[in-house]
Each structure stands twice: as structure tokens, then as C-alpha cells.
Amino acid sequence: MINTCKKLKSLRLIVVLLIVLVNAFVTFAIPKILGISLGDDLIRFIGASIGLLIALIIFELADYIIKSDPKSKEKDRLIMMGITYLIIAYVTILSAYYEYGLIRLKMDSAYNASLNLISVSLIVIAILFMGISIACARLKQNTVWGYRNSYTLKSKDTWNKVNKLASVLSFIVAAVLIVMSIVMANIYAYPVFLAMILIEILICNAYSARVYKEEMQKKRV
């Protein structure tokens, strides 16, 4: 298991570096090959590359924290790796589609780049939430990943129940995002998405408080 984590970490770094190289080729070379100018090439390249590298640094720190958590298991680190790959894929797909949209718009003025970018963005976020829903249902109690508050960190039973609920709610959010990508592919989809996240947090908080109090009452009897 430890060797698997090390291999995945090495592969993750290689994947990020390859994506940065491909991003450089797409950003600087493709427009020249097509004979068009998109403008702000350096800014777009730095934006996408920094996003990937920051994600990599954050997850390296998270990996260090989770290893030092006595409640953490190697399985949790593997799940964390999976989430890392999902986020890297998310940044990569959006960056690639943004470049594609700019090129299409330059070659066809009737192409609605922003509308298509919103649709793709919602679908990719939905895939990310599906991954999160799978992770939440399997994570053991720890201080880094999963739905964590004062109640879930005090009780393993509360942790399991609340994270299973968070898993179901995240899957529902993913399904709604896919529907919105089809019927509501506009800027108003993002406030709806944020509202769903807020509702999910409120539901999980209320549920964790109830489950924990019920558990404490049973122990007193």
C-alpha cells in the first residue's frame, strides 16, 4: 500500500509536468500553426500552470498532515490521491476547453464559447462531486478529509453516518449539475450550485448534531 502511494505521487508529478508542457504547446504553438492570434498567451499559460502547481503543493501538504494523523489509514491516502487526480483533471479539462473555445471563436464568430464553457464546467464539477461522494462514503475518521466538525471528530459512529449522508447529498448535487449543464447553461447556474453546497452543509451540520446527541443519550441510559 505504501509503495502504491509513492508510485501514485511520482506519477502525479509526472502527469502535472506533462500537462504543463502540453499546455505550453497548445497556448503558444497551436495559434501560430493555425495562423491566428488569441492574445494574452503568457497570462493564460501562467494561469493554467499555476493552478495545477498550487493544487499539487496543497495536496503535498495535505498528504503530510494526513500521515501525521494517528487516526489516518493508508487507504485514506489512496482516496486522497484519487481526489487529487480528479482536481488536476478538472483544471486541465477546463483550461483545454477554454483554449479550444478561443480558437473556435476566432475562426467562427457565431460560436458561443462562453455558453459551451459553462456547460463543460458544470459537467466537470459534477464528475468531481461524484468522486467526492464515493470518497466520503469510504473515508475513516480523520482530521483532514471528509465532513469534519466538532461532532464527527468526537464520535466514529457520528462520522460514519454523517459522511454517508454527505456522500448521498454530493451525488444529488452532481446529478443536478448535469441537468443544469443541459437546461441552464448560463451564469445563473453558479449561484444555484453555491446554494446547493450551502444547503448540503446546513443539512450535514444539523444531522451530525442530532446523531451525536442521540448517541450520548444512549450512553447515559
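The length gained on full extension between Leu78 and Val179, counted as 0.36 nm times the residue separation minus their Cα-Cα distance, comes to 33.3 nm. Pairs from the table (Lys7/Lys213; Lys140/Lys213; Lys7/Lys32; Lys7/Lys156; Lys164/Lys219; Lys7/Lys164) lying more than 32 angstrom apart at Cα are Lys7/Lys213; Lys7/Lys32.
Rank by packing, highest mean first: peptides 129-138, 13-22, with packing defined as the count of other Cβ atoms within 10 Å averaged across residues. Spell out each step's value before the answer.
Numbers: 129-138: 19.6, 13-22: 14.2.
Most protected by this proxy first, the peptides run 129-138, 13-22.
In loop segments of the range 173-221 as defined by DSSP, the chymotrypsin sites (Phe, Trp or Tyr not before Pro) with at most 12 further C-beta atoms inside 10 Å of their C-beta are Tyr188. Charged side chains reduced to their Cβ positions (Lys and Arg at +1, Asp and Glu at -1) give the range 114-221 a dipole of some 680 debye around its Cα centre.
Coordinate-derived values only; no laboratory data. What you are looking at is a predicted structure, and each value in this text was computed from that prediction instead of being measured. A quick note on method: Cβ atoms are made from the backbone with ideal geometry, for glycine too, and the neighbour counts reach across all protein chains shown.
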